[in-house]
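The values are calculated or read from the model by the stated rules, or taken from the named source; none is laboratory data. Computed from a predicted model, the values in this text were never measured in an experiment. Note that each Cβ is placed from the backbone with ideal geometry, even for glycine, and that neighbours are counted across all protein chains shown. Protein only, heavy atoms only, side chains kept; ligands, DNA and RNA dropped before computing areas. Shrake-Rupley method; radii C 1.70, N 1.55, O 1.52, S 1.80 Å.
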Amino acid sequence: MRVQLPNAWIQIHRAAALALTLAMPTSAPAVAAPELADQFFKGKVINLYIGFATGGTYDYFGRLTGRFIGRHIPGNPTVVVQNMPGTGSLQAANYLYAQAPRDGTAWGVVTQTLAIEEALRSPAVRYKAAELTWIGRISSALEVYFTWKTSKARTIEDARLYETPVAGTGAGSPSEGYPRLLNALAGTRFKIISGYPGSTQGMMAMERGEVDGGLSSWNTLKRTRPSWIEKGDVNLLVQYGAERHPDLRNVPTALEATQTAEGRRAFAFYISGAELGRSLVMPPEVPADRVNLLRTAFQAMLQDPEFLAEIEKSGQEFQPASGERVERLVREVANAPRDIVDRVEAILRVK
């Protein structure tokens with residue numbers, strides 16, 4: 001779906017950037033904090049760690065940010081992007097929380113289920129999502145589950161009848177969480193083949209016949225593999241949203257596929273991660289003046305005509321949100337009803 005960029009939209013985001021600037025701490029002298037932040041980033045290198053392999057939307061949005069945001073940060077620091085795949089990106093999240101510098105020079109793009117994995121007490125989690133520092137969200141994400149044309153599972157109903165091997169990118173990733181939940185709550189028979197570093201590698205494995213299917217964002221699938229859709233090479237089984245996307249009117253949502261009210265509540269909790277989407281995160285305890293400066297730079301990047309042209313050309317979903325909004329989303333997940341969290345946890349931890 002192409003993104004329309006009306007003047008009103010740009011004005012809204014300009015206003016948001018101004019609001020962020022006005023919200024900067026005022027307890028110190030008016031010019032002291034901005035000057036310190038400006039001086040700090042001049043000549044610095046910002047390392048941006050992407051928790052997945054190349055090719056997917058985490059990688060795309062991370063690298064796009066790396067190209068543009070430096071010009072909007074006072075001092076024009078260099079942004080170096082590198083991939084750090086492992087454990088569904090939880091390796092990168094753990095690194096940012098416990099080891100990376102807490103001075104604003106270490107950023108990450110990690111799984112949208114970051115807060116959910118913590119709520120579920122994942123053994124791989126070594127962070128506190130609410131203590132991390134959120135710069136902002138570039139976009140939320142709609143993900144779809146699909147199988148190759150040779151698979152017996154051509155619909156979600158078929159997936160209840162036939163064991164269907166699917167590619168997984170790590171225990172902390174939606175590519176493994178979703179099929180586990182579907183098996184428990186919708187009666188499907190997905191068999192997770194773990195160990196793929198990213199969704200692109202999972203799709204390649206599907207082409208080679210190693211697995212029957214996998215997970216990707218809808219925009220990645222239609223942008224990078226349009227012929228699959230046009231020729232009917234893939235079967236779209238289910239979409240992970242609260243309601244059907246306009247492009248996917250004939251594809252059921254996970255909530256529709258789920259067979260009980262309790263199951264729908266459990267799935268609603270898990271798909272809330274899509275709201276976190278592709279967000280930029282930093283370690284805890286980054287100085288407040290630098291956080292405000294970087295959030296303002298992020299808002300400025302969202303208005304950059306060249307950045308917007310790249311988004312337009314890519315055809316990617318583009319639904320940005322402020323760092324404050326992302327922080328609220330993380331807190332909402334942390335405060336989810338414990339009985340629902342326990343139900344989801346019990347499903348995801350079964351081997």
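Please go through the stretch 126-142 and pick out each residue that is open to solvent by 10 Å² or more (accessible area, probe 1.4 Å) and closer than 28 Å to Val238 by Cα.
Scanning the stretch 126-142 gives Arg137, Ser140, Ala141, Leu142.
Which numbered condition trips up Tyr240, out of (1) touching a Gly at 6+ places or on another chain (Cβ under 7 Å); (2) modelled with pLDDT of 90 or more?
For Tyr240, the exception is condition (1).
Could you grab me the full set of residues in the stretch 82-92 that are touching a strand residue (DSSP E or B) at 6+ places or on another chain (Cβ under 7 Å) and not polar (S, T, N, Q)?
Within the stretch 82-92, Met84, Ala92 qualify.
Considering every residue within the stretch 314-322, establish whether at least one is without any contact (Cβ under 8 Å) to a residue 12 or more places away in the chain, over 24 Å from Gln91 (Cα atoms) and of a type in the set (Gly, Ala, Ser).
no
Output the residue which, of all residues in the stretch 305-326 that are among the aliphatic types (A, V, I, L, M) and in contact with a Phe, Trp or Tyr (Cβ under 9 Å, 6 or more places away or on another chain), is nearest to Arg290 (Cα to Cα). Before you say what the answer is, go through the steps one by one.
Initial filter on the stretch 305-326 (among the aliphatic types (A, V, I, L, M)): 308-309, 311, 321, 326.
Retained after the next criterion (residues that are in contact with a Phe, Trp or Tyr (Cβ under 9 Å, 6 or more places away or on another chain)): 308, 311, 326.
Values: Leu308: 25, Ile311: 27, Val326: 17 Å.
The extreme case among them is Val326.
Being outside any loop (DSSP other than H, G, I, E, B), open to solvent by 10 Å² or more (accessible area, probe 1.4 Å) and among the aliphatic types (A, V, I, L, M) is the filter here; which residues of the stretch 116-125 pass it? Even if it seems obvious, please write down each step before you answer.
Initially, the stretch 116-125 is screened for residues outside any loop (DSSP other than H, G, I, E, B), giving 116-119.
Adding the requirement that they be open to solvent by 10 Å² or more (accessible area, probe 1.4 Å) leaves 118-119.
The answer is Ala119, and nothing else.
In the stretch 168-223, which residues are of a type in the set (Phe, Trp, Tyr) and out of contact with any helix residue (DSSP H, G or I) (no Cβ under 8 Å at 6 or more places or on another chain)?
Matches in the stretch 168-223: none.
Restricted to the stretch 232-265, and to residues that are of a type in the set (A, V, I, L, M) and without any contact (Cβ under 8 Å) to a residue 40 or more places away in the chain, which residue is least open to solvent (accessible area, probe 1.4 Å)? Give the steps one after another, and end with the answer.
Of all residues in the stretch 232-265, those of a type in the set (A, V, I, L, M) come to 234, 236-238, 242, 248, 251, 254-255, 257, 261.
Within this subset, residues satisfying the condition of being without any contact (Cβ under 8 Å) to a residue 40 or more places away in the chain are 242, 255, 261.
Details: Ala242: 83, Leu255: 35, Ala261: 64 Å².
It comes out as Leu255.
Please specify each residue of the stretch 244-265 satisfying the condition of being under 14 Å from Glu143 (Cα atoms) and part of a helix (DSSP H, G or I).
Pro246, Asp247, Leu248, Ala254, Leu255
Taking the stretch 61-99, which residues are open to solvent by 20 Å² or more (accessible area, probe 1.4 Å), in contact with a helix residue (DSSP H, G or I) (Cβ under 7 Å, 6 or more places away or on another chain), outside any loop (DSSP other than H, G, I, E, B) and touching a residue at least 40 places away in the same chain (Cβ under 8 Å)?
His72, the sole residue that qualifies.
Since Arg160 meets every condition but one in (1) touching a residue at least 24 places away in the same chain (Cβ under 8 Å); (2) not in a helix (DSSP H, G or I), which condition does it not meet?
With (1) touching a residue at least 24 places away in the same chain (Cβ under 8 Å); (2) not in a helix (DSSP H, G or I) applied to Arg160, the lone miss is (2).
Could you list, in sequence order, all residues of the stretch 169-220 that are in a loop (DSSP other than H, G, I, E, B) and over 16 Å from the mean Cα position of the chain (by Cα)?
Step one: filter the stretch 169-220 for residues in a loop (DSSP other than H, G, I, E, B), giving 169-173, 187-189, 194-198, 209-212.
Gly187, Thr188, Arg189, Ser194, Gly195, Tyr196, Gly209, Glu210, Val211, Asp212, listed by residue number.
Looking at the stretch 322-339 only, could you name the residues that are aliphatic (A, V, I, L, M) and open to solvent by 10 Å² or more (accessible area, probe 1.4 Å)?
Selection gives Leu329, Val333, Ala334, Ala336.
Which of (1) touching an Asp or Glu at 6+ places or on another chain (Cβ under 8 Å); (2) of a type in the set (Ser, Thr, Tyr); (3) surrounded by fewer than 24 Cβ atoms within 10 Å (Cβ to Cβ) does Tyr162 not meet, given it meets every other one?
Every condition holds for Tyr162 apart from (1).
Answer yes if at least one residue in the stretch 30-42 is at pLDDT 90 or above and surrounded by fewer than 17 Cβ atoms within 10 Å (Cβ to Cβ), and no otherwise.
Yes: the stretch 30-42 contains one or more residues that are at pLDDT 90 or above and surrounded by fewer than 17 Cβ atoms within 10 Å (Cβ to Cβ).
So Thr147 ticks every box in (1) open to solvent by less than 10 Å² (accessible area, probe 1.4 Å); (2) farther than 22 Å from Ala242 by Cα but one. Which box is left unticked?
The failed condition is (2).
Could you grab me the full set of residues in the stretch 266-313 that are in a helix (DSSP H, G or I), under 22 Å from Ala93 (Cβ atoms) and open to solvent by less than 10 Å² (accessible area, probe 1.4 Å)?
If the condition is that a residue be in a helix (DSSP H, G or I), under 22 Å from Ala93 (Cβ atoms) and open to solvent by less than 10 Å² (accessible area, probe 1.4 Å), then Tyr270, Gly273, Leu294, Phe298 are the ones that fit.
Would a scan of the stretch 150-157 turn up a residue that is open to solvent by less than 10 Å² (accessible area, probe 1.4 Å), of a type outside the set (Phe, Trp, Tyr) and under 21 Å from Thr258 (Cβ atoms)?
yes
Failed condition for Thr105, given (1) closer than 30 Å to Gln303 by Cβ; (2) surrounded by fewer than 18 Cβ atoms within 10 Å (Cβ to Cβ); (3) modelled with pLDDT of 95 or more, with all others met?
Here Thr105 meets the rest and fails (2).
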